[in-house]
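For reference, the structure discussed in these notes is given below.
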Amino acid sequence: MKNVFASLLLTGTLASAATLAAAQTPATAAATALGTLTGTVADSVSRQALAFATVVLRPAADAKNPLSAVTTDKGAFSFANLASGPYTLEVRYLGYRAPQPVAVTVGAGSTPAVALALAPERHALAEIKVTAAKPFIEQQADKLVLNVAASPIAAGGTAADLLSRAPGVLEQGSGYQLRGKTVTVMLDGKLTNLSGDELKNMLSALPANSLDKVELIANPSAKYDASASAIVNLVTTKSLKLGTNGTATLGVGAGRYNAGFNLNHRTEKLNVYGGLDRLDNQTYSTTSAVRPLSTEGQLAESSLETRRLQTNNAKLGFDYDLSKTTAVGVLVKGMLTDRTRDANSQALLSPAQQATLVRIEGASQVLSPAVNAYYKTTLGKDKTLRVSADYFSYAKNSYNDYATSSSDATGPADLLRDNSPARNSVKSAMADYAQPFQKGTLEAGLKAISTTTDNNIRWEQAPAGQPWATDFGKTNHFVYQENVRAAYATFSRDIKKVALQVGLRAEHTSTTGTSLTMNQTTERQYLNFFPSVSAQYNHSEKTQVGFSYRRKIERAQFGIVNPFLTYISPYRYAQGNPAIRPSLSHNFELSYSYGSLLSAAVSYSRFSDVINGSFEKNDATQVVTNSFANYPSADQLSATITLMKPLLNNKWQTNTTLSLMAARVQAGPSTIGIGAASPGAYLSSNHILTLRAGLKAEVSASYMSPMTFGGLAIRSSYSGNVGISQTILKGAGTLTLNVTDVFNTQRARFDVLAAGINSQNVNKVESRFVKLNFSYKFGNQKVKASQRRETGVEAEKSRME
């Protein structure tokens, strides 16, 4: 409680300081005979600020020589150094009725403020036909945006397919990286709270057709959780106007099909929406690993596994405007996933040529409901308060059966099985407050989040026909509880051509990990402060240069802190580490952009207590156990440049990204191989060609060069995709045909260099698919969609297994 009070006091102090700073007026202003006029422009119905509206100020004495300004993204405008006297104020905004001119009087040294509200012109654009289309990839001020509907290759695919070809995004181990930073995956601004196989299963179960866009945020502000090094936000909602509409999709391909239905209805005050999506796919995967033994000879392992995944997603929600300034809403979502696996693996010891054969059958079912409720209100002039509460549950039932035999055995096989239920939950409450001042904007917030993971893995064995008995070496019931209390404040303002933002986030964390099986408990408490600062110099309308710094924390995924053993093969296991500590880092970035044509960034990060994979080999049994450990420090350097060039009168949209990366773990002299490092490069290129009205073709390709860090030497990989789409039924329908990984080259190849293991590994998941997809939009396509929510459980979802 003491730490929570300190966080609240910190937020209040920053707010007071910002208010005093905004209220102070330079001494020179009092000495002038000139005045200043400020104001805001907003929608008269929704009360939302209107950005980039044109404001015209006409002096009564010289009406033919008006002054003009454009509102900021907060809808604010100002005129400085005005001569005393009467003026008329006019405002124009596309799609809104022009209001009557407003008479204002400016006095010497005065600063009057005007609030203008514009009424929407509902029929102003009825006869206008918009022929321009959004490009697939857009560079915005603070993020890169993928417009999913603009990509023929995306149709019929999944969110996982889309991320695999997003510029600068790489799949690394159990997650993703963006510009070399660990990615937090969000859905409509809400953390998915999943990791490892569970995150990949969720992304593989989410149809790309249900996504409006994907936002890639490489440098999030202090408003986001301190553990969010980089963010990928999957946005499923659209923002249109009043009425009812819906979308139906159906796709088929080799071993898979998808279907979906979404409906949205909005009146002036009420928005009700819901949808169902189903995905059914069957894929194969192969793995191989070859490593020398401590004695003479080598061990060669290989496996072939077939998995079938059936996923159903459902959501139902509403948003209701209690008044012009206040809105409430509730969203209920749920995902039900069934997965089966059938695998055969072989381990061959040479030169004796002794083979160990394993037959694996397994299944799992996951039910994950989620509830979000929010309250949003405007307090006075442009002051907003948002309060939300979230609950997320993850219930998994899983079993696997293993039958192990030798190539020369004549008796019954050795049997092994596991039953691994998991019951995890996340509860969160948060409040955010924003207030603009004459010289800046203050944002502050509080957040409390509680996470419980309860994993009870039970192993049994029956060697060579013997009765079933508990395998105490693998069985473990582990409960992990984590509570985080956070407070943040940011203050931003523009000084001539420079946009500045400073922020501070405080997080108090308490964790308790209890192994009920071994009667062991590990507790930890820590308080951290995370400052951030960013500055962007707007040299011109097209040219911007930016700098940012942020301190961050990386907490271990929940599966990493669980100490139980996970069976991979007779000679490979994985094990968690309940003593793992969080890693802290200092992150710097220098960026440059030239309009929507070119963007570039150079980033450097310095980690302490870095979390990295560890390896241990038993020379007697030849069993290798993979785990995680803290190493003293690590350095990471990356550079990215993106070129977006329209050709052939905008009929050919091109996007090419080149990333250079280097990372080194300072592991100490006693750890073999972890400190090995060599730089790497990633190149991706995407091209969309409009052949004629309604007909588009797309080609994309990517290449990853070799790279070494953290005990792994990653070898090169490349892939290519093609697609074509045609609108039909007067534009209401879209038919798409695409082929992913045309040359079937997408695979993970890496060598383990640590602990004297030196193994060569190749993992291949089925990636070449031919897919045919049809989508149909019905009803009023100018429906304003449901409000996008930012829930408080997203980071924890991304860590949960």
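Convert each backbone phi in the range 575-591 into a coupling constant with the Karplus relation 6.51 cos²θ - 1.76 cosθ + 1.60 (shift: θ = phi - 60°), then list the ³J(HN,Hα) values in order as whole Hz, x for Gly and Pro.
Ordered by residue, 3J(HN,Hα) equals 9, x, 9, x, 8, 4, 9, x, 9, 10, 8, 10, 10, 10, 8, 10, 10 Hz.
Return the ratio Rg/(2.2 N^0.38 Å) for the range 32-118, where Rg is computed over Cα atoms only. Don't skip to the answer; put the middle values down first.
Working: Rg = 12.6 Å, N = 87, 2.2 N^0.38 = 12.0 Å.
Its radius of gyration relative to the 2.2 N^0.38 Å reference: 1.05.
From the square roots a ≥ b ≥ c of the eigenvalues of the alpha-carbon gyration tensor of the range 583-737, which class results: rounded (a/c under 1.5), prolate (a/b over b/c), or oblate? All intermediate terms of the calculation are to be shown ahead of the outcome.
Values: a/c = 3.39, a/b = 2.01, b/c = 1.69.
Note, shape of the range 583-737 comes out prolate.
Quick one: pull the percentage of alpha-carbon pairs in the range 427-491 with a separation above 17 Å.
Values: 1376 of 2080 pairs.
That fraction is 66 percent.
Quick one: which residues, 5+ away or cross-chain, put their amide H under 5 Å from the amide H of Asp471? H built at 1.01 Å from N.
Excluding prolines and chain starts, which carry no amide H, the hits are Trp459, Glu460, Gln461.
So if I take the centroid of the Cα atoms in the range 503-556 and the same for the range 753-773, what is the distance between those two points in Å?
Between the Cα centres of the range 503-556 and the range 753-773 lies a distance of 32 Å.
Ordered by residue, what ³J(HN,Hα) values in Hz, to whole numbers, does the range 398-406 give under the Karplus form 6.51 cos²θ - 1.76 cosθ + 1.60, where θ = phi - 60° and Gly and Pro are x?
8, 9, 9, 10, 10, 10, 10, 9, 9
Kindly rank 62-71, 770-779, 388-397 from highest to lowest mean number of other beta carbons found within 10 Å of each residue. Kindly include the intermediate steps, with their values, before the conclusion.
Numbers: 62-71: 12.4, 770-779: 17.7, 388-397: 19.2.
By packing density, highest mean first, the sequence is 388-397, 770-779, 62-71.
Show me, for the range 274-285, the HN-Hα J-couplings you get by feeding each phi into the Karplus relation (A = 6.51, B = -1.76, C = 1.60, θ = phi - 60°), rounded to Hz, glycine and proline as x.
x, x, 10, 9, 9, 9, 10, 9, 10, 9, 10, 8
So which of Lys269/Lys376; Lys396/Lys427; Lys427/Lys474; Lys315/Lys396; Lys213/Lys645 end up more than 25 Å apart by C-alpha? Each step should come with its number before you reach the end.
Working: Lys269/Lys376 14 Å; Lys396/Lys427 18 Å; Lys427/Lys474 30 Å; Lys315/Lys396 20 Å; Lys213/Lys645 20 Å.
Correct reply: Lys427/Lys474.
What does the charge count near Ala352 come to, summing +1 for each Lys or Arg and -1 for each Asp or Glu among other residues with Cβ under 13 Å from its Cβ?
On the way: positive: none; negative: Glu296, Asp408.
Computed value for this residue: -2.
Can you tell me the order of 434-446, 301-313 when each peptide is scored by its average per-residue count of other Cβ atoms within 10 angstrom, highest first?
Values: 434-446: 19.6, 301-313: 17.8.
Result, highest mean Cβ count within 10 Å first: 434-446, 301-313.
Would you order Val484, Val742 from fewest to most other beta-carbon atoms within 10 Å of each residue's own beta-carbon?
In order of increasing Cβ crowding within 10 Å: Val742, Val484.
Cβ under 12 Å from Ser583's Cβ, Ser583 left aside: what net charge do those residues give with Lys, Arg +1 and Asp, Glu -1? Display every interim value, and only then the final one.
Values: positive: Arg551, Lys552, Arg555, Arg581, Arg606; negative: Glu554, Asp609.
Neighbour charge sum, excluding Ser583 itself: +3.
List, in the order given, every pair from Lys496/Lys696; Lys651/Lys771; Lys74/Lys447; Lys64/Lys542; Lys496/Lys552 whose Cα-Cα distance in the structure shown is over 32 Å. Write down the numbers at each step before the final one.
On the way: Lys496/Lys696 43 Å; Lys651/Lys771 25 Å; Lys74/Lys447 24 Å; Lys64/Lys542 30 Å; Lys496/Lys552 30 Å.
Exceeds cut-off: Lys496/Lys696.
The numbers here are math on the coordinates, done by the rules we state, and not lab data. Being a predicted model, the structure only gives us computed values, none of them experimental. So basically every Cβ, Gly included, is an ideal-geometry build from the backbone, and we count neighbours across all protein chains shown.
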